Amino acid sequence: MTLRECAQALYDQQELSFSITKGRIEWPYRLIEDASDKHGYSDSSTFSALQQAASIVVEIITGARPHPVVGLFRTFMASKNPRNPSDVTSFVSRYMPCDLLAGDESMISEHLVRLQEALQKSPSTLGFPEEALVFGIALFLFRLILLRTYLERKPSDDLALYNALAQGDVLVVRALSHSERAAAAYDGMRNTKNPSHSASTVLCEGLLSPSPAMPVFEGPIASIKTLDGDPYEWPASQDHGLIAEAEEYAPSCPREQPDKQQGNGSVRACYHHDETGTL
């Protein structure tokens, strides 16, 4: 055996010993990108929040319902190209900097596809390309809804949350789940409660074991504070929020049934026309 072959054999033995002694970290589907398609992930409460807001989002991007996000998007895009995907998505990253759970974000994808279909039937009057409306305004609103659930707030707080994000005078931080903290510890972080840590390097090393178990958090998934670090005081609100009345979001549609055509266990959103032809 050559010296190179001996060195390789020793390295392989060390790798095997490492994998046996260290084990693997359980990594819930809710933390995995594209989990809805790859693993059939769906959380009933998250799906319900997105589903109940779907028809409202359609009305906003078609111009049938006013919302201040339209004006914010118009101002932001004034110096950019609304047909450039990176310019459009930069709007979302600019006003929604909080790191959301990758699995939950994958649940938004199907809604975005159906919004594009809806715009084919009822074109928008806002003057933007369909892609800009869907991946700019709609994506931002759906992410806002997810953030509202992480903060454990009610739909009536949607407008206050939007205003806080639009004005940029708050700091929103997502907590790390127990799985992410374990990964952070392996990655050498002493304070594993640090929400800025990313476990992407651990993921690349194959130490994470996908699991259908839900991630465990110590308290709310996200918190919101002022830029001075003080707790954010939610203003009193009578706003209805981004939630449709029960009859507006197709209650007859199976809301937690697998999509048999796709065969991946994901749920499907329903978008119905009302008598005026508006979605």
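Can you say whether V134 is closer than 18 Å to R65 by Cα, β-branched (V, I, T) and buried (at least 19 other Cβ atoms within 10 Å of the Cβ), as far as the supplied structure shows? So V134 fits the description; yes.
Among residues that are buried (at least 17 other Cβ atoms within 10 Å of the Cβ), at pLDDT below 95 and either outside any loop (DSSP other than H, G, I, E, B) or of a type in the set (F, W, Y) (or both), E105 is included.
Check whether at least one residue in the range 53-73 is aromatic (F, W, Y) and at pLDDT 95 or above, and report yes or no. Looking through the range 53-73, at least one residue is aromatic (F, W, Y) and at pLDDT 95 or above. Would you point out the residue of the range 52-66, among those that are of a type in the set (G, A, S) and on the phi < 0 side of the Ramachandran plot, that is surrounded by the fewest Cβ atoms within 10 Å (Cβ to Cβ)? This residue is A64.
Apart from one condition, A9 fits all of (1) at pLDDT 90 or above; (2) in a helix (DSSP H, G or I); (3) of a type in the set (G, A, S); the exception is (1). I'm trying to understand the selection: among the residues of the range 152-171, which are hydrophobic (A, V, I, L, M, F, W, C) and under 15 Å from P235 (Cα atoms)? Across the range 152-171, the qualifying residues are L159, A160, L161, A164, L165, V170. Can you find a residue in the range 13-29 that is part of a helix (DSSP H, G or I), modelled with pLDDT of 80 or more and under 19 Å from P210 (Cα atoms)? For the range 13-29, residues part of a helix (DSSP H, G or I), modelled with pLDDT of 80 or more and under 19 Å from P210 (Cα atoms): present.
Residues in the range 64-80 that are farther than 21 Å from N163 by Cβ and touching a residue at least 12 places away in the same chain (Cβ under 8 Å): how many? Can you show your working first?
Going residue by residue through the range 64-80, those that are farther than 21 Å from N163 by Cβ are 64, 79-80.
From what's left, touching a residue at least 12 places away in the same chain (Cβ under 8 Å): 64.
Here the count works out to 1.
Counting only strands (runs of 3 or more DSSP E) that sit completely within the range 144-258, zero hold 2 or more residues that are open to solvent by 70 Å² or more (accessible area, probe 1.4 Å) and at pLDDT below 70. In the set (1) part of a helix (DSSP H, G or I); (2) surrounded by fewer than 19 Cβ atoms within 10 Å (Cβ to Cβ), T125 fails one condition alone, (1).
The values are calculated or read from the model by the stated rules, or taken from the named source; none is laboratory data. All values derive from a computational prediction rather than experimental measurement. We place every Cβ from the backbone using ideal geometry, glycine too, and count neighbours over all the protein chains shown. Remember, those area values only see protein heavy atoms, side chains included, never the ligands or the DNA or RNA. Shrake-Rupley method; radii C 1.70, N 1.55, O 1.52, S 1.80 Å.
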